[in-house]
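A.B. asks: Got a structure here, written out as structure tokens. Questions coming.
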Amino acid sequence: MTTRHPRYTILFTRLLRNREFRNRFLNRFNDLMNTVYRPEVLITAIEEAAGLLEPEIGRHIQRWGYPASEWYWRTQVDRNIEYARSRPEIQRRQIAEYFRERGVETGNPVTVVVHSPQEGGAVRVNTVVITPETPGVDARGPWEGVYFSGVPIELEAIPRDGYRFDRWDGPVPENQREDPVITQAIRTRTELKPRFVPEKL
């Protein structure tokens, strides 16, 4: 049975039949889920917004009669926090099911751990350059992202001024260890670290 798509989605759904486009779409989806849509990023934003509104909620209810009470308003804030916390796993499962129904296996969600030495350079994972300013980056430890095991990801070691890329540490094929840009499928939890060395004067 052929699935019919509305006219306004047919171009996109046809593009998803192309492997390169599909992989870019899936990686971009995960890039966003690993940064701006990370639970801790969204929860912080929700709590900051709630903190701004909370002093006014009582007067708002008095004037407009909605929401029903301050307690009810707080439960809605908590529901949004729980939604932000549980949504990534659900959304990844939904998107994997969508493609599975169309004969495409995305693979399982796996964790990629990137140790990015700030003094020597940075790392780009697909469309995300990992810096202290990147949403979801914790300066106290390595960056972690979740990707589909059946979709290769691209990593690039980007040296800062005065440094050059030396090699990758981690499960990288020997013939690619000195390549600043690598593409590989991550089958299990994987830790990678680029080595940067000072340029010789």
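The values are calculated or read from the model by the stated rules, or taken from the named source; none is laboratory data. This one's a predicted model, so the numbers in the text were calculated from it and none came from an experiment. Heads up, the Cβs are rebuilt from the backbone with ideal geometry, glycines too, and the neighbour counts pull from every protein chain shown. Ligands, DNA and RNA are stripped out before the accessible areas are found, and what is left, the full protein with its side chains, is counted by its heavy atoms. Shrake-Rupley method; radii C 1.70, N 1.55, O 1.52, S 1.80 Å.
A.B. asks: Residues of the chain: accessible area per residue at 1.4 Å, in Å²?
C.D. replies: 66
A.B. asks: So if we plug the beta-carbon distance of ASN175 and LEU11 into 1/(1 + (r/R0)^6) with R0 = 45 Å, what FRET efficiency do we get, rounded to 0.05?
C.D. replies: Between ASN175 and LEU11 the formula returns 0.70.
A.B. asks: Working from Cα positions, state the angle (0 to 90°, nearest 10) between the long axis of helix 70-100 and the longest principal axis of the chain.
C.D. replies: Once rounded, one gets 40 degrees.
A.B. asks: Once you wrap a convex hull around the alpha carbon atoms of region 146-201, what is its projected area averaged over all directions, in nm²?
C.D. replies: 4.2
A.B. asks: Same structure, new question: By how many degrees, 0 to 90 and rounded to 10, does the Cα axis of helix 19-33 deviate from the longest principal axis of the chain?
C.D. replies: Approximately 60 degrees, to the nearest 10.
A.B. asks: Towards the positive end of the charge dipole of the chain, with charges on Cβ (+1 Lys, Arg; -1 Asp, Glu), say which of THR111, PRO159, PRO198 has the farthest Cα.
C.D. replies: Most positive-ward Cα: THR111.
A.B. asks: Separate question: Please find the FRET efficiency linking ARG140 to GLU97, where r is the Cβ-Cβ separation and R0 is fixed at 25 Å, and quote it to the nearest 0.05.
C.D. replies: With a Förster radius of 25 Å, E is 0.10.
A.B. asks: Sticking with this structure for a sec: Enumerate the amide H contacts of GLU154 below 5 Å, restricted to partners 5 or more residues apart or on another chain; note that Pro and chain-start residues carry no placed amide H.
C.D. replies: Under 5 Å from the amide H of GLU154: ASN126.
A.B. asks: At 7 Å along Cα-to-Cβ for each site, give me the label-to-label distance between ALA49 and TYR83 in nm.
C.D. replies: 0.9
A.B. asks: Taking the Cβ of GLN91 as the centre, find all other residues whose Cβ is under 13 Å away and add up their charges (Lys, Arg: +1; Asp, Glu: -1).
C.D. replies: Summing Lys/Arg as +1 and Asp/Glu as -1 gives +3.
A.B. asks: Using a 1.4 Å probe and counting only protein heavy atoms, arrange ARG19, ARG7, ARG124, ARG14 so the residue with the most accessible area comes first.
C.D. replies: ARG7, ARG19, ARG14, ARG124
A.B. asks: Moving on. For SER149 and PHE25, compute 0.36 nm times the residue count separating them, minus their Cα-Cα distance, and round to one decimal in nm.
C.D. replies: Working it through step by step, the gained length comes to 43.2 nm.
A.B. asks: Based on the alpha carbons, how large is the Rg to Rh ratio for the chain when Rh follows Kirkwood?
C.D. replies: 1.09
A.B. asks: Still on this model: Ranked highest first by the average count of other Cβ atoms within 10 Å around their residues, in what order do 31-43, 97-109, 127-139, 63-75 fall?
C.D. replies: Sorting 31-43, 97-109, 127-139, 63-75 by mean packing, highest first, produces 31-43, 127-139, 97-109, 63-75.
A.B. asks: With a ≥ b ≥ c the root eigenvalues of the C-alpha gyration tensor of region 77-134, is it rounded (a/c under 1.5), prolate (a/b larger than b/c) or oblate?
C.D. replies: Oblate.
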